[in-house]
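In what follows, a structure is listed as structure tokens, so that the remarks can point back to it.
The values are calculated or read from the model by the stated rules, or taken from the named source; none is laboratory data. Note that the structure is a prediction, hence the values are computed from the model and not measured. Here the Cβ positions follow ideal geometry from the backbone for every residue, glycine too, while neighbour counts run over all protein chains shown. Note: accessible area is taken over every heavy atom of the protein model, side chains too, but ligands, DNA and RNA are not part of it. Shrake-Rupley method; radii C 1.70, N 1.55, O 1.52, S 1.80 Å.
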Amino acid sequence: MNMSTFDEIYKKIEEYPTIILHRHTNPDPDAIGSQAGLARALKAKFPNKKILCAGENDEGDLAWINTMDDVKESDYQGALVITTDTANTPRISNKNYDKGDLLIKIDHHPNVDDYADMSYVDPDAPAASQIVVDFLNAEGFEITKEVAYPLYAGIVGDTGRFMYPETSAHTFEVAKQLAETGIDLTEIARNISDVTFAQAKLQALVLDYMKIDPSGAAYAILTQKDMKDLGISQDQADVTVSTPGRIKDIKAWNVFVEKPDGTFRVHYRSKAPVINQLAAKHNGGGHALASGANAADMDEVKQIFDEVVEVTKKYYENHEK
Ligand code: AMP
């Protein structure tokens, strides 16, 4: 494993005239926020370097955090490439990431795919954006309001507004520092939590479809027809994934979202039983309590949910619900 220190990463940043930042596909606020926050801080400290944000222009509803630059293949010549919040190569948005001179990974997912030349990975951090703040502080960067805005968005997004278990006292220290720059906390929190009326209706459908097993495991399947009827894109359907977590009886759950080709994108979420090893069995992965995978057909959907039931049952044999 190529674990590097902040100082070692900073030295490389100093060295390269062009730095291109990548994040993961189907981005969330932490993907866009960690990328944008780092990019803005680098631009401010190194005005003569070319700093670019690369991605497939798939930021969609997250364009309020940041939009991508027009990055050409020729920009990668002799460039330093940094990925943030991206665990494995299939999930890196924009496949030119390997055309640079050196690749650095800054991430908070378990380090299952050690794809970079240098890495700083901390799976205990609730958000990649928190690691970026730690890096900027350690290396003497100024965190301005413009830098703080996307980073705070990333932290609010990936902690579920300071609810998920990796949220720590340090997360609040970082949030305090970002808040003190004068960013609009309400605007950011609202931008993250607001949904369209159609998305709210899809959330209602997920609850309507939810089947709860006595173990505390639960699932719902959203079809292409459900999304078409409401005029909702695949990415916009992601807002339904956290909804079941508000129900007391539900301890671990899957939301299966049918893709246009009839296969399923699988979302795993849990309040305590660890589910990422289950996702890994189905061409996926992620965090201990929040993972994603893919299912080829209804047989695999059933198999996936059976596995979640099994793990949930086992967990609550030894823990209080
Ligand atoms: P999602 O359910 O899409 O919000 O994903 C939850 C978490 O799992 C995110 O942190 C993703 O980075 C990770 N994840 C989702 N899909 C995959 C996949 N196919 N392979 C590896 N990690 C994934």
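Quick rundown of the values:
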{"read-out": "Net lengthening on full extension, LYS314/ALA198 (0.36 nm per residue, minus Cα-Cα)", "value": "38.0 nm"}
{"read-out": "Cross-link table LYS225/LYS251; LYS45/LYS145; LYS99/LYS281; LYS11/LYS95; LYS12/LYS45, entries beyond 22 Å C-alpha to C-alpha", "value": "LYS225/LYS251; LYS99/LYS281; LYS11/LYS95"}
{"read-out": "Normalised contact order of the chain, rounded percent, pairs of Cα under 8 Å and 6 or more residues apart", "value": "13"}
{"read-out": "Length released on extending from GLN224 to LYS211, taking residue separation times 0.36 nm less the Cα-Cα span", "value": "2.8 nm"}
{"read-out": "For region 116-171: relative contact order, % (alpha-carbon pairs under 8 angstrom, 6 or more apart)", "value": "44"}
{"read-out": "Kirkwood hydrodynamic radius of region 1-101, from inverse mean 1/r over distinct Cα pairs, in Å", "value": "13.7"}
{"read-out": "Cα shape, region 150-200, gyration tensor, a/c 1.5 rule", "value": "oblate"}
{"read-out": "Alpha-carbon Rg/Rh ratio, for region 185-321, with Rh computed the Kirkwood way", "value": "0.97"}
{"read-out": "Accessible carbon and sulfur surface of region 15-96 relative to its total accessible area, %, 1.4 Å", "value": "47"}
{"read-out": "Within-15-Å neighbourhood charge of GLY140 [Cβ basis; K, R +1; D, E -1]", "value": "-3"}
{"read-out": "Length-normalised contact order for region 252-298 - Cα pairs under 8 Å, 6+ apart - percent", "value": "35"}
{"read-out": "Residue-count net charge about ALA293 - beta-carbon cut-off 10 Å; Lys, Arg +1, Asp, Glu -1", "value": "+1"}
{"read-out": "Fraction of accessible area attributable to carbon and sulfur, region 147-219 (%, probe 1.4 Å)", "value": "55"}
{"read-out": "Gyration tensor verdict on region 25-78 (Cα atoms; rounded if a/c is under 1.5, prolate if a/b is larger than b/c, oblate otherwise)", "value": "oblate"}
{"read-out": "Low-density loop positions, chymotrypsin sites (Phe, Trp or Tyr not before Pro), region 151-254 - DSSP coil, at most 14 other Cβ in 10 Å", "value": "PHE162"}
{"read-out": "Gyration tensor verdict on the chain (Cα atoms; rounded if a/c is under 1.5, prolate if a/b is larger than b/c, oblate otherwise)", "value": "prolate"}
{"read-out": "Probe 1.4 Å, protein heavy atoms only - accessible area per residue of the chain in square angstrom", "value": "45"}
